[in-house]
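Chemist: Here's a structure for you.
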Amino acid sequence: MRGTPMRLRPVVALILTTVASLAVSVGFVELVGRVSNPATAQILAIIVLWLLTFLLPLVVVGYAIYKSLRQQHSRRERLALILVSYLSVILVSAGLYYSISFAEDHNFAVRQFFHYQYEGNLFRSNLSRSIHRSTDTGRAFNGIDARLYSSAEDSDIPEEYRLRDDPPEKYWIEVAQRPFDNVVRFQPAARLAVFGDCLHFSVMTMTTVGLGDISPRLWYTKLASDIQALTGVCLFVVALGMLFGNWASVSAG
């Protein structure tokens, strides 16, 4: 940024940080989704990407607030920085929710696979035993229908099973006897739908509208959305202070 004017450097740095955060979130999904049986170095890279996905949003917020409180820029420039940071938090939070959804979709599919595998073992030892359907709903968010990983229940039931009027659980326990990688698979076609829902949830959280069509389900998704909502309020208060407060008076004209 050597050739960038001094007054534009905070905004440019904020934009670059936002792009980097989104790249980390999307890169986390693409790397994990397309790598089966990763080596140690790949596992370490995945862990680093995951940590960066959490840390970069905090960097965006802290940088924006720090720069906006300094008096070396005009009120207009600092207000522009706050507005850009507001948009940045929406985008990086959407990326964070996207990567969390991916991880939890994978965990959900794994748990469901082993549930039907276990039920199948019990059923073969006692054919009169009823098969218990999976009641696991442990996804990251309620209201996001598309899933980034397929599970046993996603398998289409063949027509012969329908004609025999067998319960679908009987077919799913057969699916769970297949190789793990043939059942629990990354679904690239769901990426846009999931990210779109995450972006919608991020906007609703940032604006504190909360339509309720999508809601966090796990404790850390609730914590992340709470932090985002509080961040939005803080940025709004800082913007009001710049416009109407004496503390934001222009020092450079």
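Chemist: Obtain the nm distance between the two label points defined at N182 and A23 by a simple spin-label model: each point lies 7 Å from its Cα along the Cα-to-C-beta direction.
Modeler: 4.0 nm
Chemist: Same structure again: Compute the length gained on full extension between D136 and Y118: take 0.36 nm times their separation in residues and subtract their Cα-Cα distance, giving the result in nm to one decimal. Write down the numbers at each step before the final one.
Modeler: Numbers: separation 18, 0.36 × 18 = 6.48 nm, distance 1.44 nm.
Extending this stretch completely gives an extra 5.0 nm.
Chemist: Along the charge dipole of the stretch 100-145, Cβ charges K/R +1 and D/E -1, which of I144, I100, S130 sits furthest on the positive end?
Modeler: The one lying farthest along the dipole's positive direction is S130.
Chemist: Here is a further query. Per residue of the stretch 15-29, what does 6.51 cos²θ - 1.76 cosθ + 1.60 with θ = phi - 60° give for ³J(HN,Hα)? Whole Hz please, x for Gly and Pro, Karplus curve as stated.
Modeler: Those phi angles translate into 5, 5, 5, 4, 4, 5, 5, 5, 5, 5, 4, 5, x, 4, 5 Hz.
Chemist: Between D154 and L230, what is the spin-label point distance in nm, taking each point 7 Å from the Cα along the Cα→C-beta axis?
Modeler: 3.6 nm
Chemist: Between R76 and T208, what is the label-point separation in nm under the 7 Å Cα-to-beta-carbon projection?
Modeler: According to this spin-label approximation, the distance is 3.0 nm.
Chemist: If I take R0 = 35 Å and measure r between the Cβ atoms of L83 and Y220 in this structure, what FRET efficiency does the formula 1/(1 + (r/R0)^6) give, to the nearest 0.05? Please report the intermediate quantities before stating the final value.
Modeler: Numbers: r = 29 Å, r/R0 = 0.82.
Efficiency at R0 = 35 Å is approximately 0.75.
FYI, it's all coordinate maths here, none of it is from the lab. What you are looking at is a predicted structure, and each value in this text was computed from that prediction instead of being measured. Counting neighbours? That spans all protein chains shown, and the Cβs are built from the backbone with ideal geometry, glycine included.
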